[in-house]
Amino acid sequence: MIITLAGHVDHGKTAIVKALTGVDTDRLAEEQARGLTIDLGFAYTDFDGHRIGFVDVPGHHSFIHNMIAGVARMQHALLTVAADDGIMPQTEEHLQILQLLGLDGGTVVLNKVDNADENQLQRVETQLRDVLKQTFLRDAPIIKASAKTGLGISTLQKTLTDAASRMKRVPCSRAFRLPIDRVFSRQGLGTIVTGTVHDGEVNVGDDLYLSAIQKNVRVRRLIANGLPSQIARTGDRCGLQIAGVNTNEISRGDWLREPDTVNTSEAMTLQFELAVGFPREIKKWCHVHVYHGTAHRLGKLFLLDETLDHGTKGLVDISVDTPLHTAIGDRVIIRDQGLDTTIGGGTVIATTGANTRRRFPARIKHLTDTSESVNRTEPKQALIAACLMNCVDGEIFRKQWNLSQTQFNAVVDRNSIQQVNNRLLAKSKLDTTRKQVTSVLDEYHSVSPNQFGLSLRQLVKKTSLEEESVRFTLIHGRNIGLFQVQGGQFASARRAKVELSYNKDLYNRILPLIDTQQPLPIGDIARELRVPLRILESELKRMIKARLFVRVTDKRIFSENRLRELVDIAQALDESGPFTVKQFRDRCGMGRMICIDVLEHFDKVRFTQRELDTRRVVGTYAP
């Protein structure tokens, strides 16, 4: 069990740890000279067979950022209050931060009882009970002790031992992540980083990814809760000797994680709780300090609700000056830049970029529904809930929830969710959408028997359904023979076949000009065939409608067969991860600008998605 200390400056947190473990956690010379904890300190001991770790945090207001960096949600809180002082400002703020970070268990120690008479002790204990009754420590034992004389230390030790025996290990249901709180080097060992394992587990020999500098490293040696080990799991204090990086490349706030999991983001949405006693009304925009894991950023907060009362929850958007490594379900602390006071905290429910239509009703409804599923903290239930609302990009969901590919595959309930490539939709939602789309198409075919069908946009408008759900339904329906697609239009497979006429001689003359590694643009085709551009464009419309050609830009067409070959190339490249324009060009042999035209067409029809200089396949190709 890992215990995090909390409490006002000079209330004896460091002394309590020393009385319990014999270790002075004030390791810095300045701390020892001033008698003041400035940064995090650590100590380990064994109580009746239970390994106990202590994270000592600074109590001074000036070092609140270091205090937040030392707290993890799976820790046991040890709130320390001096009997001669009673409740002080940082007592309340530390308690508030622990509550907002989601800690659910703890012990209270009333220290320095040798400095207070019985009346003072009763007053402070009554005061404590009143403050604690609305917090996660409302039922916590209050142990009277003195680190100086040793009074009550054995009782405190037994209380913590009992808590350790009751604590259950958090299951490792997500990919490994560790927020780094210290980095140093040791002769003969090299670079060492420490932190509390946030998710998952890590083993000696694992390859990890350092998010800040986007670099792969390998675990050479591992210390878990102060002892050499082969493995560390969620909640463990962990020291990792890593190869492949120097200490000057790492700093507090960086994350070590399993490769190809969580992305970084400059924006997030929180289910936010306003701290009781915050002295100001939150404005539309306010400048804030953002604390996540061991990281600290400057940012802005945007309130999505009209108002937010103290102690109540609402939705807020957060943008930060430097990207954060957030996953859905993470806890975040927000403090006011001007007042240097805690505004509140929240749970991450979305990690995508800032939305220009922040208060758009559909977005608010989606976020509200998402927050309810996030509260269940289980990705399986959250995925089902999301798939009942709309089509879900599986790759985005996987990374937002910090899941490995194997973990994600286990999360997908094949009995209730239909999957097409990386897209997922609840089968019940698919059935409902299919019935509405089929009804609209059947009505259209009866009214316009000589027309092929309707476009995606037309179907979305006529059904009043979500575009992604309709797109998924059409692609899935095409794959199983329920729908036909031609020139970007969709039709029911039951419709009577319409013969589309076109100039077959002209088609046969165009084909060799575009089915090459250097296909000609439309203007050059007109000149090569000595056909007026106006006439060529008119004939091309017929051929495109007949699904012989696909227009990828205003100036360029491809044959359906050639485009399918390029689709296969993109899918083959994607099997090894995101791919670049150069990789695509080298595989297909076309010029760079032609490749860019094709890939941008793939982006437009949502077959691929661009991420900086790379692309990944995110859907099924349907022109």
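Observations
- Test: residue in the range 109-132 that is under 21 Å from GLY226 (Cα atoms), at pLDDT 90 or above, buried (at least 21 other Cβ atoms within 10 Å of the Cβ) and not hydroxyl-bearing (Ser, Thr, Tyr): no
- Those residues of the range 253-270 which are of a type outside the set (Ser, Thr, Tyr), assigned to a loop (DSSP other than H, G, I, E, B) and crowded, with 16+ Cβ neighbours inside 10 Å, in sequence order: GLY253, ASP254, GLU258, VAL262, ASN263
- In the range 184-199, the residues that are touching a residue at least 40 places away in the same chain (Cβ under 8 Å) reach residues that are charged (D, E, K, R) and in a loop (DSSP other than H, G, I, E, B) with C-beta atoms within less than 7 angstrom, at least six apart or across chains, in these pairs: VAL197/ASP236; ASP199/ARG174.
- Among the helices (runs of 4 or more DSSP H) confined to the range 13-72, the ones with at least 1 residues that are of a type in the set (Lys, Arg) and at pLDDT below 80 are located at 29-34.
- You will find that of GLY239, GLY253, the residue that is small (Gly, Ala, Ser), in contact (Cβ under 8 Å) with a residue 40 or more places away in the chain and under 30 Å from LYS300 (Cβ atoms) is GLY253 and no other.
- Spans of strands (runs of 3 or more DSSP E) in the range 480-597 with at least 1 residues without any contact (Cβ under 8 Å) to a residue 12 or more places away in the chain and surrounded by 13 or more Cβ atoms within 10 Å (Cβ to Cβ): 549-553
- Residue that is surrounded by the fewest Cβ atoms within 10 Å (Cβ to Cβ) [pool: residues in the range 271-323 that are at pLDDT 90 or above and among the aliphatic types (A, V, I, L, M)]: LEU298
- For the range 206-261, the set of residues classified as basic (Lys, Arg) and out of contact with any Asp or Glu (no Cβ under 9 Å at 6 or more places or on another chain) consists of ARG220, ARG221, ARG237, listed by residue number.
- In the range 130-146, the condition of being within 30 Å of LYS399 (Cα to Cα) and either free of Cβ contacts under 8 Å to residues at least 12 places away in the same chain or not assigned by TED's automatic domain parsing to the domain that holds PHE278 (or both) is met by no residue.
- Number of positions in the range 81-110 that are in a strand (DSSP E or B) and more than 21 Å from TYR291 (Cβ to Cβ): 6
- Given (1) modelled with pLDDT under 85; (2) in contact with a strand residue (DSSP E or B) (Cβ under 8 Å, 6 or more places away or on another chain); (3) among the hydroxyl-bearing types (Ser, Thr, Tyr), number of the condition TYR502 does not satisfy: (2)
The values are calculated or read from the model by the stated rules, or taken from the named source; none is laboratory data. Nothing here was measured: the structure is a model prediction, and the numbers come from that model. Every residue, glycine as well, gets a Cβ built from its backbone with ideal geometry; the counts of neighbours run over all protein chains shown.
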